[in-house]
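Here's the structure we're looking at; comments come further down.
The values are calculated or read from the model by the stated rules, or taken from the named source; none is laboratory data. Quantities reported herein were computed from a predicted structural model and do not represent experimental measurements. Glycine gets a Cβ as well: all are built from the backbone with ideal geometry, and neighbour counts include every protein chain shown.
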Amino acid sequence: MNEQLPRVRLTPMQHLFIEAYLVSKNITKAAIAAGCKERSAHAVGWKWFNKADIRAEIDRRMAALFDRYAITGDRIIRELALIGFGNIDDFVAVQADGSLAVDFGTATREQMASLKSIEIDEHTIDGAASGVRKIKISMSDKRQALMDLAKIARMLPPDRLEHTGPGGGPIGFDVNVKPEHKIDIESLDHDQREQLRAILLKAVGGQGKAIDVEPEEDE
């Protein structure tokens, strides 16, 4: 009999954080959902996410979920390929008058995976024995699927986040900051604090003590 691993001891807020993260895959949103204040959710969320016990529990839950639904890299790539290389010609037929009509007669299950939606509009006409049916099909986003495949295959350069000053120039820093020019962090919204954090990290070259521009939240 397999020995059961001991349950990880976490606070109620941390359990809520894990549950929310598994749904949104967003650390800040998960921290807010767990009860953290919005202004400190990013800092607290990352602090929790980097805890060994919490990361282990997230990994355990994700592994169980992937196993339950047989989610593998091979299946994901296969589905993306079916979307990316799908062709509208698989679902249309040329009529005698040269017009095109939707035809699923020869479409396979794999080909149908590239469809996003099928809309059927059927109505009758006065005096007619049968109704009129219009079928509208919509293909999934081929470009996005191909971009996702290219990223998986590492055909694209890594994303880079660059910060510039006014007019696209370099960011200037004045070491002689006057009191009236000091930044009031409490007055900044979340996006502004994130931009400030990135600028400060770039200024120190990512070295030294971690920079925290958000108030601390009780763990």
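Against the numbered list (1) within 30 Å of LEU196 (Cα to Cα); (2) in a loop (DSSP other than H, G, I, E, B), VAL23 comes up short only at (2). When ALA31, ALA20 are checked against the criterion of being surrounded by 17 or more Cβ atoms within 10 Å (Cβ to Cβ), farther than 21 Å from LEU65 by Cα and either among the aromatic types (Phe, Trp, Tyr) or under 17 Å from the mean Cα position of the chain (by Cα) (or both), a single residue qualifies: ALA31.
Restricted to region 101-216, the set of helices (runs of 4 or more DSSP H) holding at least 1 residues that are at pLDDT 90 or above comprises 109-112, 142-152.
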